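A.B. asks: A single structure is presented below for examination.
The values are calculated or read from the model by the stated rules, or taken from the named source; none is laboratory data. In this text, all values refer to a predicted model and were calculated from it rather than measured experimentally. Cβ sites come from the backbone with ideal geometry, for glycine too, and all protein chains shown count toward neighbours.
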Amino acid sequence: MSTNQLLILSEIRYPGETQSALLGRLSSTYSIPLSTLRLHAHELKELGLIGVNSAKSDYNVVELTEGGRQLMSLIGASTRDE
């Protein structure tokens with residue numbers, strides 16, 4: 001898991017935020033090329049850690065999947081123990 005992938009996972013927190021808005025925000029905040037973030041987001045989708053839900057609105061809302069939530073819970077627990 002790359003640092004950029006962990007960043008994407010940890011920043012999925014605004015209800016209704018689209019993937020484009022999320023990646024744009026991260027790109028401008030952390031000065032990471034948008035193309036790099038798109039690649040990592042695609043990999044996270046392939047791993048089943050994030051998904052895009054268009055049923056909630058007219059936009060493609062990015063969300064953690066159950067697997068993504070479990071991973072972030074484990075990561076959060078492990079960093080609190082250190």
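A.B. asks: Within region 22-53, track down each residue that is over 19 Å from Gly68 (Cα atoms) and either out of contact with any helix residue (DSSP H, G or I) (no Cβ under 9 Å at 6 or more places or on another chain) or not aliphatic (A, V, I, L, M) (or both).
C.D. replies: Listed by number, the residues that qualify are Gly24, Arg25, Ser27, Ser28, Thr29, Tyr30, Ser31, Pro33, Ser35, Thr36.
A.B. asks: Return yes or no: is Arg13 of a type outside the set (Asp, Glu), in a loop (DSSP other than H, G, I, E, B) and on the phi < 0 side of the Ramachandran plot?
C.D. replies: It is true that Arg13 is of a type outside the set (Asp, Glu), in a loop (DSSP other than H, G, I, E, B) and on the phi < 0 side of the Ramachandran plot.
Per-residue answers, yes or no, for (1) part of a helix (DSSP H, G or I); (2) over 12 Å from Leu9 (Cβ atoms); (3) at pLDDT 90 or above:
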{"site": "Ser28", "(1), (2), (3)": "yes, yes, yes"}
{"site": "Ser35", "(1), (2), (3)": "yes, yes, yes"}
{"site": "Leu39", "(1), (2), (3)": "yes, yes, yes"}
{"site": "Val52", "(1), (2), (3)": "no, yes, no"}
{"site": "Ser57", "(1), (2), (3)": "no, yes, no"}
{"site": "Glu63", "(1), (2), (3)": "no, no, yes"}
{"site": "Leu71", "(1), (2), (3)": "yes, no, yes"}
{"site": "Thr79", "(1), (2), (3)": "yes, yes, no"}
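A.B. asks: Moving to a separate point now. Go through (1) surrounded by 14 or more Cβ atoms within 10 Å (Cβ to Cβ); (2) at pLDDT below 95; (3) not aliphatic (A, V, I, L, M) one by one and return the number of the condition Tyr14 breaks.
C.D. replies: Evaluating Tyr14 over (1) surrounded by 14 or more Cβ atoms within 10 Å (Cβ to Cβ); (2) at pLDDT below 95; (3) not aliphatic (A, V, I, L, M) leaves (1) as the failure.
A.B. asks: Looking at Leu23, Leu37, Leu9, Leu47, which is the one that is surrounded by 16 or more Cβ atoms within 10 Å (Cβ to Cβ) and under 19 Å from Leu74 (Cα atoms)?
C.D. replies: Leu9
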